[in-house]
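**Student:** Mind looking over this structure? Questions follow.
All of the numbers you see were taken from the coordinates with simple rules; none came from a lab. Just so you know, these numbers come straight off a predicted model, no measurement behind them. Cβ placement follows ideal geometry from the backbone for every residue including glycine, while neighbour counts extend to all protein chains displayed.
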Amino acid sequence: MLAACGNDGNNGNNGTNAANDGNAATTNGNSNKNANAGANDGKDAAEDLSPITFSYFSEDPNPNWNNMQDEVSKEITKKTGVTLDAEFAVGDPAQKVALIATSGEYPDLIAAKGDIGKLVDAGAVLDLTDLIDKYAPNIKKVLGDYMVRAKYTNDDQAIYAIPTWAAADEQRFVAGGGFELQHRVVKEAGYPEIRTVQDYEKVMKDYLAKHPTDENGNKNIGLSLNADDWHMYISVTNPAFLATGGSDDGEYFINQDTNEVTYHFRRPEEKEYFRWLNHMNAEGLLDQESFVQKYDQYKAKVATGRVLGLIDQDWDYNDAQQALKTAGKFDQTYGHYPVTLTKDYKDTSFWPTGFMGGYGIAISSTCKDPVRAIKFLDFLASDEGQILNNWGIEGKHYVMENGKRVVPKEVQDRINNDNTAFTKETGIGFYWNIMAHYGDGAKDPSGNYYTKNFPEQLVNGYSDVEKETLAAYKATTWKDLFPKEDEFKVKSYGAAWNISIPGEDDVTILGQKMRDITWKRVPEAILAKPADFDKVWDSYMEELKKAGVEKMEDGYEKYVKDRVELWSAK
C-alpha cells in the first residue's frame, strides 16, 4: 500500500487541514457543476477505450511507481484506455498543493488529502455529485449510505473528493503500529510481557548491556525516532496520545461524550509520556540523531539491523524492513506491541471511526475529459478493479482453488522475501488511494475477501521467526495482542484529522503556529537535562497559550460538532 499518514495508524497530519469558507465554496461548486455540462455523454464514454492520458498528483509518495509499466497497471489500461502521468509529492505536500492551487494549471486528477480546501478555494476541483450519479454505479454501490459523508461541509454539500482513505464495511485485522521491538530482543529476554513503557525499556536496556555492538563492531541503537518533516507526527507526537488512552484525532483530544476539544499536548498525561522519552535520552537509549536525521537516513539505519526498537507505523519503515528480509535477517525485523505509559491506559489503535469520508480523489476543473475520468475511477471501484488492485492477475499472482483465491507459494515467497521488487513489477496495491473500495474483512459476491488482509493470508506472509514470536505470546496475528474495536465507542465524527477547515479560518492559521511551536519545543523537552524538563515543558505550555491555543480549540470544536450534525442528516 501507498504510504499514508496513518496508515494503519490512520494517522492524520494534524488538525490544520485547509478548506474553504462556505460562501466561496458554494460559488465554486456552482461554477464547477457548470463545467460538467460540456462533458461527453455517458454512452460515448462507456464505449470509448481509446488511449487517453490523465495527469495525476498525489500527496502520498510511491517510490515503487513504475510509470504504469507494471502488470496490474497494464491491465487497467487495457480495460479503460487510461494511463496516468503521475507526480508524487516530495518534501512538504501542502506547499505543493498550494502552488497547484495558485498556478491555475491543475492536474486532471488530484489526491490532495487534508489540503483539498485550497483547491476548492481556487475553483480547481469539480463538484462530482452529478458525475457520480450519472456515470459511476460502482462508486455509488461502494459508498452506499455513506455518500453523505463525502459531502464537503454543512454550508457546501458538494462532493469535491471521492473518499478513498475510508473503506466500506471494514473489519481491520492488521496491527502495523504500536511500539516495535526486534524479534531477537524479546527472544533473548524470554518473551516477557511488553505492556508498558517500562517493560519496553527494560528488554531494550538488558539487550544493549549484553550486546553493545553488532557482529561487525558497530554500535547497536536502542530506540530511533523518525522526526523528519511530517513523519514527526507518526513517530514522535501521535504516540503520545496513543500511549495515554487518546484516540487518533490528529492534533486534538476530543471528549467522546461532549465533543469538547483540547490540543492534545496540553493533557497532563502526555507530559509524562514525553518525560519518559526525556528519560530514555538521559539513559542513552534514544538515538542521538533522532531529531536531525533525514527520512532516508532513518530507513538506512533501520536496514542495518542495529536499531532494536521503533515507535512508528510499519508502512513508514517498510522499505528498511524489506531490506532486512532480503538479507535474511528475519530476527532483526519487528513485532508490534500495545505499549502504554502505564497499565491504567490501553492502546487505542483499533478505536473504530466508522466510515470517515474526508480524504479522497478529486477531478480538476480543467480535466480534459471528466466523464472518462469518472468512469476510470468507477472501474477501479468495481469488483474487478478492486480485486485487480488487491490481488493482481488471476493465474499470475493468484489462482482459484475450490472457489477460493489463493496466492501460490512461489509468489508468496517473493512477497515475503523481495517485496519491493515484487511490488514494482506487479503494481499490486498502487491504486489504493485513488479508488473507492471495500475494506479488510469485506467479501465479494463470490465469498472471497476483497483484500488480502485477513488472518489466514496474513499468517502466510509471516516469517518463521515472526511466527515463533507470536506463538510465544499465544497469538496468531499481531492484532491478537491489542485491545479490540468493541472495547471502544464508535466515534460520531469519524476521525477529526480529516475534517475540512476553511483555509483562511483562524483555526487553520493558529494550527500552523501551534505546529511550529510544538515541533521546536517537544524535541527541546526530550533532549533537555531531566532536571530541566519541567521548566522547558511549562515554558512550552505558556507559549501555546500566548499564541492562541484556546481560541484554536474553541474554533475546532465547532467544526467537530458541525460534522456530527452533517453526518446525522437523513
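**Student:** Compute the separation of the alpha-carbon centres of the range 285-307 and the range 150-187 and state it in Å as a whole number.
**Tutor:** With the range 285-307 and the range 150-187 each reduced to a Cα centre, they are spaced 26 Å.
**Student:** Let me ask something additional. Which FRET efficiency value, to the nearest 0.05, do you get for Asp383 and Ser539 by plugging their Cβ-Cβ distance into 1/(1 + (r/R0)^6) with R0 = 45 Å?
**Tutor:** According to the calculation, E is roughly 0.20.
**Student:** Take the Cα atoms of the range 503-568, build their convex hull, and give its volume per residue in Å³.
**Tutor:** 94 Å³
**Student:** Lysine pairs in the range 292-437 8 or more apart or on different chains: how many have alpha carbons under 21 angstrom apart?
**Tutor:** Pairs that pass both the separation and distance tests number 12.
**Student:** Moving to a separate point now. Peptides 236-243, 52-59: what's the order by average Cβ count within 10 Å, highest mean first?
**Tutor:** Listed from highest to lowest mean packing, they are 236-243, 52-59.
**Student:** With a ≥ b ≥ c the root eigenvalues of the C-alpha gyration tensor of the range 152-308, is it rounded (a/c under 1.5), prolate (a/b larger than b/c) or oblate?
**Tutor:** It is prolate, given that a/c is not under 1.5 and a/b is the larger ratio.
**Student:** I need the helices of the chain that pass two filters: whole DSSP H segments spanning 18 Å or more by Cα along the axis, and mean Kyte-Doolittle score no lower than -0.5.
**Tutor:** Those that clear 18 Å and a mean of -0.5 are 506-527.
**Student:** Something else about it: Can you tell me the dipole magnitude for the range 503-568 around its Cα centre, using point charges on the Cβ only (Lys, Arg +1; Asp, Glu -1), in Debye to the nearest 20?
**Tutor:** 220 debye
**Student:** Pick out, from Ser539, Thr508, Tyr556, the residue whose Cα sits farthest towards the positive end of the charge dipole of the range 503-568, with +1 on the Cβ of Lys and Arg and -1 on the Cβ of Asp and Glu.
**Tutor:** Towards the positive end, the residue furthest out is Ser539.
**Student:** A further question on this structure: Taking a ≥ b ≥ c as the square roots of the Cα gyration tensor eigenvalues, with a/c under 1.5 meaning rounded and otherwise prolate when a/b beats b/c, else oblate, which class fits the chain?
**Tutor:** Oblate.
**Student:** For Cα pairs less than 8 Å apart in space and 6+ apart in sequence, what is the mean separation divided by the residue count of the chain, i.e. the relative contact order in percent?
**Tutor:** So the answer I get is 26 percent.
**Student:** Right, something else. Starting with the highest mean, order 559-567, 172-180, 127-135 by the number of other Cβ atoms within 10 Å, averaged over the residues of each peptide.
**Tutor:** Final packing ranking: 172-180, 127-135, 559-567.
**Student:** Then there's this: Excluding Gly222 itself, calculate the net charge of residues whose Cβ lies under 9 Å from the Cβ of Gly222, where each Lys or Arg counts +1 and each Asp or Glu counts -1.
**Tutor:** Net of charged neighbours comes to -2.
**Student:** Order 392-403, 487-498 from most to least packed using the mean count of other Cβ atoms within 10 Å.
**Tutor:** 487-498, 392-403
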